[in-house]
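Trainee: Here you go, one structure.
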Amino acid sequence: MATDDKRPQGATDSFDVIVIGGGPAGYPCAIRAAQNKLSVACIDEWKNKDGTPAFGGTCLNAGCIPSKALLESTELYHRLQEEFATHGIKVSGTQLDLAQMQKRKAGVVRAMTQGIVALFKGAGVTGLQGHGRLLPGRRVEFTAHDGTRRTLSARHVVLASGSAPIELKSAPFKDPYIVDSWGALDFDTVPKRLGVIGAGVIGLELGSAWRRLGSEVTVLEALPDFLPFTDEQLSREALRQFKKQGLNIRLGARVSGAEVKDNAVEVRYSDAAGEQRLSVDRLVVAIGRRPYTKDLLAPGTGVQLDERGFIKVDESCRTGVENIWAIGDCVRGPMLAHKGKEEGVMVADLIAGHYGEMNYKVIPSVIYTAPEIAWVGLTEQEVKASGRPYKTGTFPFLASGRARAMEQTSGFAKIVAARDDDEILGVHIIGPLAGELIAEAVLAMEYSASSEDLQRTIHAHPTLAEAVHEAALSVDKRSIDSINR
Ligand code: FAD
Ligand code: AMP
């Protein structure tokens with residue numbers, strides 16, 4: 001798509017707000033700023049593999065959206081084979097059409113990224129496709145994809161340049177054998193043997209998707225504990241479920257090298273037993289992401305980076321340089337699309353002189369495996385370590401009528417509440433649609449609800465949400481549909 005800005009080249013254009021980066025942090029910031037009656041330009045340099053520019057950043061083009069599209073298709077394929085017969089539906093002649101699956105995924109991505117163009121048009125945001133570089137004095141150098149260059153100026157500049165995958169020095173990317181998450185979303189055949197380095201959120205989602213299509217998946221994770229940032233009860237259950245699904249998860253396995261040889265990848269790693277080798281057809285490196293600020297800051301802007309490369313900001317996303325802000329993956333905090341979005345909205349409101357605040361304590365996290373995993377707030381071990389007396393309640397999906405009807409009974413909902421005032425401190429769910437169910441917990445915690453508040457809230461029957469209700473009741477040993485222990 002060409003830029004929709006028709007002003008003459010070489011002109012100095014001024015805006016109230018220029019946002020650099022059109023991912024899930026930058027584009028909502030631009031839209032909210034325009035809603036606040038400010039003149040706004042959003043500069044984005046993303047190009048897809050075929051060279052077409054697209055707004056939406058990592059999330060829409062290479063992250064959240066394509067991964068969920070692929071997870072949905074592969075889960076349907078898996079359920080068709082494993083579950084339909086239980087429902088009394090006999091299917092024969094099932095065939096995998098991976099090319100169509102990938103085509104559908106691309107269509108989902110296209111619809112979403114083109115949607116941003118329409119949203120910009122509707123809100124009156126000037127979308128500029130090309131590179132943005134902050135110059136001193138709140139000026140921005142814009143280089144369009146065709147190489148033409150202009151200097152823009154703004155009252156406020158918001159930096160939203162996102163993140164990039166971390167490369168493992170000992171296993172450098174080598175397309176199509178050793179790939180990052182974007183490469184792993186685009187395989188055109190199902191790898192017979194797939195290696196994944198990193199049992200984080202992205203590694204587990206990608207490993208699950210290809211496992212469902214038949215890959216033998218081995219996940220190598222350097223840390224000795226599985227999902228160490230989640231509630232221990234939840235990570236135990238998750239590990240059990242993933243192993244049952246055939247994911248070969250090796251903990252305490254640190255990769256030290258990988259070479260492509262004879263159409264395969266030879267991986268070297270060490271674990272408690274010593275040096276090990278693994279041969280796979282494709283290797284995904286999913287060891288995390290780093291802030292991306294390449295050519296973003298000209299000398300003399302005064303914007304500071306921390307030792308890990310994140311743009312330094314305060315709790316309101318101010319960089320410390322007057323009217324220069326930074327949001328999303330390029331600043332501290334969890335690398336999540338919804339975190340970036342809320343920061344963008346907050347900054348656009350603050351710029352307009354409105355109220356704006358982020359509650360960093362209540363950001364939900366979701367792993368879109370099957371079963372899904374979702375949580376918000378503190379884990380039981382964190383509350384225990386804080387010394388605050390607490391109580392917990394859990395409810396298994398096995399006891400949920402709706403989960404049984406869906407044939408999706410794995411997992412549980414768990415609530416951790418303070419013993420003194422009953423405030424909900426954390427909610428942890430592993431089970432069907434956990435990512436949707438967590439929204440109720442987020443709202444409850446946003447309003448500092450007690451477990452009793454949830455207990456006294458009527459939940460429709462039969463729904464999965466009743467599991468959250470029953471977990472709240474179980475906090476005070478008042479669960480109706482499960483035995484209180
Ligand atoms: P980005 O999305 O990275 O966008 C930044 C944009 O700025 C890019 O388009 C980039 O090209 C552009 N840019 C950078 N520098 C410049 C410059 N100088 N000039 C112009 N443009 C520039 N998060 C979730 O919340 N839920 C999920 O389910 C989820 N799934 C994921 C799955 C995968 C496989 C991956 C890789 C990530 C996933 N994430 C998920 C994380 C999510 O994608 C990021 O947190 C999110 O994209 C961050 O948004 P952002 O706007 O800060 O950065
Ligand atoms: P995340 O940061 O959630 O994307 O997860 C990345 C995971 O990769 C972390 O759990 C790291 O411990 C893991 N990891 C990082 N380096 C290595 C390595 N060399 N070998 C195996 N696992 C690694």
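The values are calculated or read from the model by the stated rules, or taken from the named source; none is laboratory data. Keep in mind that what you see is a predicted model, and the values were worked out from it rather than measured. Cβ placement follows ideal geometry from the backbone for every residue including glycine, while neighbour counts extend to all protein chains displayed.
Trainee: If I filter the range 153-163 for residues that are β-branched (V, I, T), within 13 Å of ligand 1 (Cβ to nearest atom) and farther than 30 Å from G320 by Cα, do I get at least one hit?
Mentor: Taking every residue of the range 153-163 in turn, none turns out to be β-branched (V, I, T), within 13 Å of ligand 1 (Cβ to nearest atom) and farther than 30 Å from G320 by Cα.
Trainee: Still on this model: Check E45, E72 and return the single one that is under 20 Å from V190 (Cβ atoms) and away from ligand 2 (no atom under 16 Å from the Cβ).
Mentor: E72
Trainee: Against the condition away from ligand 2 (no atom under 15 Å from the Cβ) and either more than 30 Å from V383 (Cα to Cα) or modelled with pLDDT of 95 or more (or both), how does L239 come out, does it pass?
Mentor: No.
Trainee: Which of the following residues is free of Cβ contacts under 8 Å to residues at least 60 places away in the same chain and assigned to a strand (DSSP E or B): T143, T151?
Mentor: One residue alone meets the criteria, T143.
Okay, residues lined up against (1) assigned to a loop (DSSP other than H, G, I, E, B); (2) within 13 Å of ligand 1 (Cβ to nearest atom); (3) of a type in the set (D, E):
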position	(1), (2), (3)
P299	yes, no, no
G302	yes, no, no
R308	yes, no, no
P334	yes, yes, no
G340	no, yes, no
D349	no, no, yes
K361	no, no, no
T369	yes, yes, no
W375	no, no, no
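Trainee: Let me ask something else. Residues of the range 306-324 being closer than 19 Å to C42 by Cα and in contact with an Asp or Glu (Cβ under 9 Å, 6 or more places away or on another chain), which ones?
Mentor: Selection gives C317 alone.
Trainee: Also, quick follow-up: Would you point out which residue out of V217, V201 is away from ligand 2 (no atom under 14 Å from the Cβ), modelled with pLDDT of 95 or more and of a type in the set (V, I, T)?
Mentor: V217
Trainee: Please go through the range 258-297 and give me each residue that is in a strand (DSSP E or B) and within 12 Å of ligand 1 (Cβ to nearest atom), ordered by number.
Mentor: Result: V284, V285, R289, R290, P291, L297.
Trainee: Given the criteria crowded, with 18+ Cβ neighbours inside 10 Å, in contact (Cβ under 8 Å) with a residue 24 or more places away in the chain and under 30 Å from H156 (Cα atoms), does A413 qualify?
Mentor: Criteria not met by A413.
Trainee: In addition: Looking only at residues that are of a type in the set (A, V, I, L, M) and under 20 Å from A199 (Cα atoms) in the range 338-375, which one is nearest to ligand 2 (Cβ to nearest atom)?
Mentor: Here the residue is I367.
Trainee: Does S181 count as surrounded by 24 or more Cβ atoms within 10 Å (Cβ to Cβ), among the polar types (S, T, N, Q), within 10 Å of ligand 1 (Cβ to nearest atom) and touching a residue at least 24 places away in the same chain (Cβ under 8 Å)?
Mentor: So S181 fails the test.
Trainee: Please go through the range 306-322 and give me each residue that is more than 16 Å from ligand 2 (Cβ to nearest atom) and farther than 29 Å from Y355 by Cβ, ordered by number.
Mentor: Passing the criteria: only E307.
Trainee: Scan the range 335-361 for residues that are buried (at least 17 other Cβ atoms within 10 Å of the Cβ) and farther than 17 Å from L60 by Cα and jot them down.
Mentor: E343, V345, M346, V347, A348, D349, L350, I351, A352, G356, M358
Trainee: Taking the range 428-465, which residues are within 21 Å of Q233 (Cβ to Cβ), in contact with a Gly (Cβ under 6 Å, 6 or more places away or on another chain) and not small (G, A, S)?
Mentor: Residues satisfying the conditions are I430, M445.
Trainee: Please state which of the following conditions V427 fails to meet, knowing it meets all the rest: (1) at pLDDT 95 or above; (2) surrounded by fewer than 24 Cβ atoms within 10 Å (Cβ to Cβ).
Mentor: Condition (2) is where V427 drops out.
Residue-wise test of (1) modelled with pLDDT of 95 or more; (2) basic (K, R); (3) not in a loop (DSSP other than H, G, I, E, B).
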residue: F84; (1), (2), (3): yes, no, no
residue: I89; (1), (2), (3): yes, no, no
residue: G93; (1), (2), (3): no, no, no
residue: A99; (1), (2), (3): yes, no, yes
residue: K105; (1), (2), (3): yes, yes, yes
residue: A111; (1), (2), (3): yes, no, yes
residue: F120; (1), (2), (3): yes, no, yes
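Trainee: Which of the residues spanning the range 36-81 are more than 22 Å from H338 (Cα to Cα), within 13 Å of ligand 1 (Cβ to nearest atom) and buried (at least 19 other Cβ atoms within 10 Å of the Cβ)?
Mentor: Residue satisfying the conditions is P53 alone.
Trainee: In the range 247-257, is there at least one residue being within 16 Å of ligand 1 (Cβ to nearest atom) and aliphatic (A, V, I, L, M)?
Mentor: Within the range 247-257 (the criterion being within 16 Å of ligand 1 (Cβ to nearest atom) and aliphatic (A, V, I, L, M)), the answer is no, since none of the residues qualifies.
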